[in-house]
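First the structure, in the form of structure tokens, and then the observations on it.
Every number here is computed from the coordinates shown, using simple stated rules; none is lab data. Treat the numbers as computed from the prediction; the structure is a model and nothing was measured. Cβ placement follows ideal geometry from the backbone for every residue including glycine, while neighbour counts extend to all protein chains displayed.
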Amino acid sequence: MKTIRGLIIVILLVIFLSSCAPAAPVVETEPPAITLPEPTPTFTPEPEPVLWWKDIVFYEIFVRSFFDGDGDGIGDFQGIIQKLDYLNDGDPNTQDDLGIGGIWLMPINPSPSYHGYDVTDYYDVNPEYGTMDEFKQLLEEAHKRDIKVIIDLVLNHTSTAHPWFQASQDPESEYHDWYVWSEENPQTPGPWSQNAWHRNAANGMYYYGIFWGGMPDLNYDNPDVSAEMMNVSKFWLEEVGVDGFRVDAARYLFADGFVQQDTKETIQWFEDWRSFYKDVNRDTFTVGEVWTNLQVTAKYGQGMDSLFMFDLAEDIKNSTYYPDPSRIIQSYLTALEYFPEEDFSTFLSNHDQQRVMSLYEGNVDKAKTGAFVYLTGPGVPFIYYGEEIGMFGNKPDENLRTLMQWSGETNAGFTPGTPWQPADSSYQEVNVAAQEGEDTSLLNHYRSLVNLRNQHPVLRVGAYLPFTSSCRLIYPVLRIDDEEALILIANLDRRVQEGCTISIEESPLVGDYEIEVIFGEGEFASISFEENGAILDFQIPVDLDPWECFILKVRR
Ligand code: CA
């Protein structure tokens with residue numbers, strides 16, 4: 001048998017060699033492949049991007065008015081650096097800062113105006129605010145404290161003083177098509193029926209500018225313009241190191257005949273832009289000003305990471321001013337229908353709107369309930385500077401952007417010099433120094449709520465399940481995730497609410513739970529949920545004082 005088997009092997013070898021032997025010349029062949037066990041892969045797959053913005057509270061700063069670091073009367077980067085510890089000292093264990101995790105800086109580019117929304121150079125900073133090196137120092141100091149920094153990006157228009165526009169006035173210039181020109185006045189009105197065409201004295205032509213004559217709209221039908229603004233975005237992300245952008249006036253990039261806002265070209269542009277900046281740095285965050293109703297705003301959901309909820313802001317403000325909890329709840333539920341990932345951005349007021357304390361007519365308790373609602377609700381909250389101390393401000397715009405009121409000293413402690421505009425007359429009563437040491441101040445209310453939000457992820461991204469109540473002026477909501485369940489209760493009214501009950505048809509909670517009060521003062525022993533997670537007429541065991549707010553931890 002052995003011999004036969006050997007013979008077969010020899011024959012097979014001969015066949016194999018004769019069929020495979022190479023013809024002359026003989027070349028070196030590779031050594032026979034040796035099969036080894038698959039090595040364990042040493043590379044780790046790229047982790048999912050961290051959606052860091054969903055875990056923080058932002059603070060909107062108008063640099064010119066925040067703090068003057070060099071005494072020339074104009075707020076600046078050094079001033080912000082000096083006040084960073086006020087926003088967040090970088091130590092998560094301290095509670096005497098605001099707990100801010102991100103700053104939005106209103107425009108920092110060179111500009112002839114006080115507000116900066118008419119840019120003259122997209123690749124530099126406003127020298128009144130400091131140098132580019134100082135701005136980078138601000139980024140570094142902020143990042144040390146784990147504060148992210150986003151900047152205003154003004155895409156829609158420039159200043160008439162921008163060199164692009166200056167060149168554009170010459171019809172022969174390669175920049176002529178960077179703006180929208182017409183020999184005759186087309187007399188077509190702008191998106192809100194305003195005059196949108198302005199005569200240019202240099203060439204006698206008319207240019208399109210929907211906001212005012214000093215801010216001509218860029219022509220996004222020109223691919224050079226689009227490419228340039230991609231470049232600008234890349235510059236700030238890559239060369240300077242900002243963490244993202246707040247996008248100004250996002251609705252108006254492309255006009256389409258008589259349709260001048262929310263055109264499909266504009267919406268598409270943002271989707272392309274998002275792919276672009278995510279390629280530059282996938283951790284970039286953008287939040288858009290699409291100032292219209294939620295249904296239209298939602299069309300930009302693929303073009304930016306987050307969008308400001310203007311409808312929700314109005315509902316929260318108006319319904320804490322004149323108590324209407326069901327309107328707030330409905331507004332949140334509608335926002336969550338459009339944005340179930342809770343990635344929308346919330347606020348009370350911003351630099352274009354009446355300050356919320358003026359709406360509340362100085363009523364600190366109402367300001368506290370407004371803050372309570374949105375700092376415990378879904379979305380990414382933005383605080384407009386000074387709102388946390390209850391600064392006042394009515395139109396015109398300059399008065400919405402007055403000096404930050406640090407103390408009752410001269411110029412509200414903003415500058416030792418002559419400020420660019422005077423402090424609001426309220427500064428001796430309404431200021432940071434006065435509220436720091438006062439336990440029940442609005443400032444300490446904000447500090448407690450932001451720090452609680454930082455400590456409890458359920459307040460940031462948990463489900464939002466409203467209760468119904470026998471008291472129609474209280475706001476009762478369950479925030480719940482796999483780890484934690486918190487009950488929010490706020491009395492939005494000026495009267496005591498007695499014997500209120502709350503009910504919910506279903507929830508993930510079943511059985512009896514102890515309650516721990518983590519915000520507010522009162523005794524709540526326990527709460528019981530039925531087998532299907534329902535509660536029927538649970539009696540709140542305390543009377544709710546006017547504007548009183550509670551956060552109750554359900555002990556599981
Ligand atoms: Ca200064």
>> Tell me which chymotrypsin sites (Phe, Trp or Tyr not before Pro) from segment 240-285 have a DSSP coil assignment and no more than 14 other beta carbons within 10 Å of their own.
In response: Phe258
> So how strong a dipole does the chain carry about its Cα centre when Lys and Arg Cβ are +1 and Asp and Glu Cβ are -1, to the nearest 20 debye?
Replying inline: 1000
> What size of dipole, in debye to the nearest 20, comes out for segment 435-556 about its Cα centre when the only charges are +1 on Lys and Arg C-beta atoms and -1 on Asp and Glu C-beta atoms?
Replying inline: 420
> When only C-alpha pairs under 8 Å and at least 6 residues apart count, what is the relative contact order of the chain, in percent?
Replying inline: 11
> When averaged across all projection directions, what area in nm² does the alpha-carbon convex hull of segment 462-555 cover?
Replying inline: 5.2
> For Leu442, Leu478, what ranking results if the residue with the fewest other Cβ atoms within 10 Å of its Cβ goes first?
Replying inline: Leu442, Leu478
> When the helix-only estimate is applied to the chain (DSSP H runs of n ≥ 4, each -39,500 (n - 2.57), divided by the residue count), what is the mean residue ellipticity at 222 nm, nearest 500 deg cm²/dmol?
Replying inline: -8000 deg cm²/dmol
> Cα centroid distance between segment 43-110 and segment 130-209, in Å?
Replying inline: 26
> What list do you get for Leu155, Leu336 if you sort them by fewest beta carbons within 10 Å?
Replying inline: Leu336, Leu155
> Once whole DSSP H runs in the chain are found, which of them have Cα atoms spread over 15 Å or more along the helix axis and a mean Kyte-Doolittle score of at least -0.5?
Replying inline: 2-20, 223-234, 325-338, 364-375
> Tally Lys/Arg at +1 and Asp/Glu at -1 over every other residue whose Cβ is under 13 Å from the Cβ of Arg472; what's the total?
Replying inline: 0
> Going by how many other beta carbons lie within 10 Å of each one, how would you line up Asp315, Asp537, Asp481, fewest first?
Replying inline: Asp537, Asp481, Asp315
>> If you take every DSSP beta bridge fully contained in the chain, what fraction is antiparallel? Give it as a percent rounded to 5.
In response: 60
> Which net charge results for the neighbourhood of Asp118, defined as the other residues with beta-carbon distances under 13 angstrom from its beta-carbon, given Lys and Arg at +1 and Asp and Glu at -1?
Replying inline: -4
> Put +1 on the Cβ of every Lys and Arg and -1 on every Asp and Glu Cβ in the chain; which of Thr160, Gly377, Tyr513 then has its Cα farthest towards the positive end of the dipole?
Replying inline: Tyr513
> What are the principal axis extents of the Cα atoms in segment 313-371, in Å, biggest first?
Replying inline: 35, 26, 14
>> Let me make sure I get this right: for segment 271-411, a, b and c are the square roots of the gyration tensor eigenvalues over alpha carbons, sorted descending. Under 1.5 in a/c it's rounded, otherwise prolate if a/b > b/c, else oblate. Which is it?
In response: oblate
> Any idea what diffusion coefficient segment 191-250 gets from Stokes-Einstein, in µm²/s, Kirkwood Rh on alpha carbon pairs, 25 °C, 0.890 mPa s?
Replying inline: 177
> Can you pull out the trypsin sites (Lys or Arg not before Pro) in segment 276-339 that DSSP calls coil and that have at most 15 other Cβ atoms within 10 Å?
Replying inline: Arg282
>> Considering all alpha-carbon pairs of the chain, what whole percent are spaced by more than 36 angstrom?
In response: 43
> What is the Cα convex hull volume of segment 153-284 when expressed per residue in Å³?
Replying inline: 105
